[in-house]
Amino acid sequence: MRKHILNLFAIVFIAGLISCDEDYKSNLVLDKDVTISAFSVDGVEGVINEKNKTISVTVPDGTDLSNLSTTIQLAEGATITPAISSNMDFSNPLEVMVVNGDVFSKYTITVSELFYIGFLGTAPNAGAIVDDDEKAAAEWFLENYDNGVYVSFDDIKNGSVDVNDFRVLWWYYDSGRDLPATALDNDVLNAINNFYKNGGNMLFNGHACAYLWTLGRITNNYNMVIGDGAGFENGDTWAIGATIGAHDMTSHPIYNGITFNQDGDGYQWVPIIGPGYREDHNYVIVEAAGYHGYGNGDENAYAAFTSANKVRWLGVWGGIRDYFMAGVMELLPTDEYQGKAIYQGIGGFEFNQNAAGELNPDGVNPYQSNINLITKNSLNYLSQKN
């Protein structure tokens, strides 16, 4: 009898709970609209992705993201937190929550600037590029950067292109140690020098690194290794060493996502071209330590070189463990040159390994992805505002 009474009590108790739960649910308002139907920043309409709950707005380059006027359209009765005002800071993505009745929804709003990156060349257009590496680099660039534009030096000279419309200029030149006359034209030099001095950023590959002397950013007359011959077949894997003497440079942004090989002594390097035919088009500084009066292994050489040129020393030929040479550098802003530049003069950094010889007749470089990623990282790094 006692057992039956307990069971009856339990049934009554549970029924009471269910009844309370139903009463609670019946008081919730769950049919309200919590979507954002329109959003704009300084008159620019945002793209609303309702599935992912994101809003993206692209504003012109140079817009002050910390002080933007916004307009938003919500359903009747809905509120948003934080409140949308006339002077919002969108320097970083902003998460907002829309509440209506007893329903809420979160959105992430991202405002970014539309900017352009220019690929410099001597040809009238990308399709007319002759050199195989320059052509491959331009094709890769235009395929991967919606904001990428090919820019001929002649277009700069005749005024049809204003370099100040770009945030970054990239010149990959592989056609010889002597720079082309069109790049040395006074109007072109003045335009690019003013761009660089006023905060524009630049990426130089191969023989284009010579332009840094032409522009006046590098003034020391170092001994150089410059290669511009036809090339040769070789069975080695060539690499960039990112351990510069006692300095580990693998954390620099141009190496983001790169998998380094590490030797027993801690030396780290990344392969960039496998066995086969290579052109060996170096444009690198050698005897850097000696130029400043130090031995190759003297730590004072590192300080002297980086200080004299205001650079970060980022890469050497794979295997170099001292301060003998410099092949990859970041040139830091100075009082005169407010832009940044990346110098990439290592000869194995080819965008098209030649299909020639017996070792690799198809010209497939197993390490091309490393070249692509370092280039992508460099462009993305230079695309950041100084």
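Descriptive notes on the structure:
- Quotient of C-alpha Rg and 2.2 N^0.38 Å, computed over the stretch 135-278: 1.23
- The stretch between residue 115 and residue 38, if pulled fully straight at 0.36 nm per residue, gains 25.3 nm over its current Cα-Cα span.
- Selected from 250, 70, 237 as most flexible by GNM, with the chain as the system and alpha-carbon contacts under 10 Å: 70
- Percentage, to the nearest whole number, of Cα pairs in the chain over 39 Å apart: 36
- Rounded tilt (10° steps) of 186-197 against the dominant C-alpha axis of the chain: 50
- Relative contact order (%) - criterion: Cα under 8 Å, at least six apart; region: the stretch 61-121: 33
- This ranking places 57, 151, 316 by how few other beta-carbon atoms lie within 10 Å of each, fewest first, which gives 57, 151, 316.
- Most simply put, the chain has about 65% antiparallel DSSP beta bridges, counting only bridges with both residues inside it.
- Under 18 Å from a label point set 7 Å out along the Cα-to-Cβ vector of residue 321, the amide N atoms of the stretch 231-268 belong to 239-250, 261-268.
- Dividing the mean sequence gap of close Cα pairs (under 8 Å, 6+ apart) by how many residues the chain holds gives a relative contact order of 13 percent.
- Per-residue Cβ neighbour counts within 10 Å put 131, 61 in the sequence 61, 131, beginning with the fewest.
- Residue among 370, 220, 194 with the largest mean-square fluctuation in a Gaussian network model of the chain, springs linking Cα atoms under 10 Å: 220
- Within a Gaussian network of the chain (alpha carbon springs, distance under 10 Å), most fluctuating of 303, 239, 289: 303
- Rg over Rh [alpha-carbon atoms, Kirkwood Rh] for the stretch 36-114: 0.95
- The lysines whose alpha-carbon is closer than 22 Å to the alpha-carbon of residue 310, local same-chain residues fewer than 8 away aside, are 197, 340, 385.
- Neighbour count of at most 12 Cβ within 10 Å plus DSSP loop: longest GluC sites (Glu not before Pro)-free window in the chain: 77-335
Every number in this text was worked out from the coordinates using simple rules, so none of it is lab data. Nothing here was measured: the structure is a model prediction, and the numbers come from that model. With ideal geometry, Cβ positions are generated from the backbone for all residues, glycine too; neighbour counts draw on all protein chains shown.
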